[in-house]
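One structure is given below, encoded as structure tokens.
The values are calculated or read from the model by the stated rules, or taken from the named source; none is laboratory data. Here the structure is a predicted model, which is why all the values come from computation and not from measurement. Every residue, glycine among them, receives a Cβ derived from its backbone with ideal geometry; neighbour counts consider all protein chains shown. Heads up: the accessible areas ignore ligands, DNA and RNA and are worked out on the full protein's heavy atoms, side chains in. Shrake-Rupley method; radii C 1.70, N 1.55, O 1.52, S 1.80 Å.
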Amino acid sequence: MMEEEELEFVEELEAVLQLTPDVQLAIEQVFPSQDPLDRADFNAVEYINALFPTEQSLANIDEVVNKIRLKIRRLDDNIRTVVRGQTNVGQDGRQALEEAQKAIQQLFGKIKDIKDKAEKSEQMVKEITRDIKQLDHAKRHLTTSITTLNHLHMLAGGVDSLEAMTRRRQYGEVANLLQGVMNVLEHFHKYMGIPQIRQLSERVKAAQTELGQQILADFEEAFPSQGTKRPGGPSNVLRDACLVANILDPRIKQDIIKKFIKQHLSEYLVLFQENQDVAWLDKIDRRYAWIKRQLVDYEEKYGRMFPREWYMTERIAVEFCHVTRTELAKIMRTRAKEIEVKLLLFAIQRTTNFEGFLAKRFSGCTLTDGTLKKLESPPPSTNPFLEDEPAPEMEELAMEKGDLDQPKKPKAPDNPFHGIVSKCFEPHLYVYIESQDKNLGELIDRFVADFKAQGPPKPNTDEGGAVLPSCADLFVYYKKCMVQCSQLSTGEPMIALTTIFQKYLREYAWKILSGNLPKTTSSSGGLTISSLLKEKEGSEVAKFTLEELCLICSILSTAEYCLATTQQLEEKLKEKVDVSLIERINLTGEMDTFSTIQLLVQDLDAACDPALTAMSKMQWQNVEHVGDQSPYVTSVILHIKQNVPIIRDNLASTRKYFTQFCIKFANSFIPKFITHLFKCKPISMVGAEQLLLDTHSLKMVLLDLPSIGSQVVRKAPASYTKIVVKGMTRAEMILKVVMAPHEPSVVFVDNYIKLLTDCNTETFQKILDMKGLKRSEQSSMLELFRQRLPTPPSGPEGSSSLSLLAPTPEQESSRIRKLEKLIKKRL
């Protein structure tokens, strides 16, 4: 019974000593120990086995027992010491708590005493400073009263002096005194309820009104509206009167300026009346010469009379421009039939030169006062790569080289006077537009005659595949017209000029490019550029001769040059035209007219059609062994080797167009090859192996297409290689699925989904047709296929799951490896 009780006690003790992992971890951090007895997962059996691993080690068991007993005694002593040391801890803690409470009570008492003393001190300070505050208020009020009385004395005396000086026309003294009186009067706005102050304010306003009327009368007397003679020189009285007008109502200043300018330009209206000979456009120089003389005369006689900040010289010039614009518009409406292109351009050139003269002479700060608003600079561009616009000569040179693909930053007009007079010519710019229409028509006719006289470019020469020189001439002329018209106007005339550009771009495409394309045997007429983009299934497309291919390459290069340059022309037109008219400039239709690269693609593609048709008509289920490449592959390769080197050599000057040709041919040929591949049914296992060999051969030829037949081997562009690899790998995967056994069905369907990643049931149906399965078998296969389709993930990843996955080497069967060895051996 005693032993059982001891065992129960040990078990209860162990249950009590089961510590949580957090507590155990904290103990290990505070008392780190390497002794196994201190571990939480201590196992007595393992510990004893570690002490006595063998029977021989039992010989020193007494020594081990003594050590353990010694350790037990030491632990007992330590526990006893700690327990005895904790006996008085509770009593000491209670005593420390009582002492802390007493200290807190004493602290509260001291804080209360300090607060009481602070309140008494504050009350004492208030009593001391009460008298001082009263003295401060009295001092402030006394100072305000003295200052107000001084201002009132100054105002009363100033008003009396102002009235006396006004009667004596002492404008120089009035200018200084009036400003001071008005400044002093501002201090009395809050005292306007006092009758005496209000009376003084009314006297100041009456003096200002009297001054304004008096000054206007003095100017009317000095510069009468209708007089036979102008005064000989400026007056000091009037000069001082202008200083007073600066202080008075701004309307007084505006009346003085208007009356003076009107009187100054009265002679101009008489000399250049509509019925005078000098009023017509051919003598427009005399108008500008007259105002230049008048400005010089004004500076000599009246330059010091008006303040500099009135900008009287500029105001006279601006008013002259307004009057001239009105008069020219009136006379041009009356004699519109007499306006010729040369005369119009002459007048515009002289006018823009005069506007440039004004921009050099004046700042344009007075333009906001007139009816013509200052030109607004275009909004800043968000393109960080835009550069300043080069000189017109450099732009024309860039146009000739076709180097306009770098957009230029819109240049803000640096002439604030631009259009202030020349705006009147804008309604008559239709004369200029009609002239350019006529000139461009003659230019196109000359291009047609030159092409017929010189004939098409010769093959195997530098002319083969080169851009026609007439194309550069056309765009250089376009550039000159655009720059010239933008200097005349950036409004509706630019839109009209754009319409003319569109008209002759289409005529150039029809008469020079389409009109000289080689004719086909299936049509009595020539090919058209727009029809080249339409691939007609089943139609007969004639093979072109060497000379015809060279001509097509030359026209192709020209068309592609026109396409790129037309796009740049559209950008330049949008830069030149007003922001509100940008949307009306659209040359997309003309760009589409020049898209012609499909012609060469169609020719080579059509040459390969008979071979692909022969492939689809072969009895692939009867093929008994795998040999060399099939005859249809040899035929396709032969057509490629015959045509591609000629096209590459003739497009040597436009390498990017040859790259486009290769890409478009690959995009056209590979889908057509896969379509014919689906028509090959049924296919035996050996037949599928032969088709796989043929597909690999075509893939290698297509990858080598850009440099085929060339002595210099160049690496194909990455964009082209990617298209070929993706398309032909899909064809190979189709054949590998056909070669796979269709039993068991689950494995076949999973293999199809893994290789092709195509969830289209039509494609799977075509694969089953190629294998020659019966309809009953196909139905079960299709049902299983629909069940095994993976659920497409949501988001953009869903579409990427349909991308082509190339098989790994482990997925290749032994039969496929044999085919690859056969291909390497043949190569």
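For this structure, a couple of remarks:
- Considering residues of region 188-202 that are closer than 16 Å to residue 153 by Cβ and open to solvent by 100 Å² or more (accessible area, probe 1.4 Å) only, the residue farthest from the chain's Cα centre (by Cα): 196
- Yes/no for residue 581 being open to solvent by less than 60 Å² (accessible area, probe 1.4 Å), among the hydrophobic types (A, V, I, L, M, F, W, C), at pLDDT 70 or above and assigned by the TED database to the domain that holds residue 454: yes
- Flag for residue 649 being open to solvent by 40 Å² or more (accessible area, probe 1.4 Å), farther than 19 Å from residue 695 by Cβ and at pLDDT below 90: yes
- Restricting attention to region 224-273, the residues that are open to solvent by less than 40 Å² (accessible area, probe 1.4 Å), part of a loop (DSSP other than H, G, I, E, B) and modelled with pLDDT of 75 or more total 3.
- Qualifying positions in region 26-54 - small (Gly, Ala, Ser) and open to solvent by less than 70 Å² (accessible area, probe 1.4 Å): 26, 33, 44
- Any hit, region 672-688, residues being under 18 Å from residue 717 (Cα atoms) and either of a type in the set (Gly, Ala, Ser) or at pLDDT below 85 (or both): no
- Residue 305 satisfies every condition listed in (1) assigned to a helix (DSSP H, G or I); (2) open to solvent by less than 40 Å² (accessible area, probe 1.4 Å) except (1).
- Single residue of region 608-625 satisfying the filter (aliphatic (A, V, I, L, M) and at pLDDT 85 or above) that is most open to solvent (accessible area, probe 1.4 Å): 618
- Of all the listed residues (503, 511, 519), the sole one being at pLDDT 50 or above and in contact with a strand residue (DSSP E or B) (Cβ under 6 Å, 6 or more places away or on another chain) is 519.
- Unmet criterion (only one of (1) open to solvent by less than 80 Å² (accessible area, probe 1.4 Å); (2) without any contact (Cβ under 8 Å) to a residue 60 or more places away in the chain; (3) under 60 Å from the mean Cα position of the chain (by Cα)) for residue 175: (2)
- Of all residues making up region 738-761, the number that are assigned to a loop (DSSP other than H, G, I, E, B), open to solvent by less than 50 Å² (accessible area, probe 1.4 Å) and at pLDDT 80 or above: 1
- Among the candidates 712, 686, the residue that is of a type outside the set (S, T, N, Q), without any contact (Cβ under 8 Å) to a residue 24 or more places away in the chain and either open to solvent by 10 Å² or more (accessible area, probe 1.4 Å) or touching a Gly at 6+ places or on another chain (Cβ under 6 Å) (or both) is uniquely 712.
- Selection status of residue 635, assigned by the TED database to the domain that holds residue 482 and surrounded by fewer than 20 Cβ atoms within 10 Å (Cβ to Cβ): no
- Test for residue 314: is it in contact with a Ser or Thr (Cβ under 6 Å, 6 or more places away or on another chain), of a type in the set (Asp, Glu) and outside the structural domain of residue 436 (by the TED database): yes
- Apart from one condition, residue 32 fits all of (1) in a helix (DSSP H, G or I); (2) at pLDDT 80 or above; the exception is (1).
- Test: residue 158 is out of contact with any Pro (no Cβ under 9 Å at 6 or more places or on another chain), under 30 Å from residue 215 (Cα atoms) and of a type in the set (Gly, Ala, Ser): yes
- Scanning region 497-515 for residues that are more than 29 Å from the chain's Cα centre (by Cα) and either small (Gly, Ala, Ser) or farther than 22 Å from residue 556 by Cβ (or both) turns up 500, 503, 509, 514, 515.
- Tally, over region 729-779, of residues that are touching a helix residue (DSSP H, G or I) at 6+ places or on another chain (Cβ under 7 Å) and aromatic (Phe, Trp, Tyr): 2
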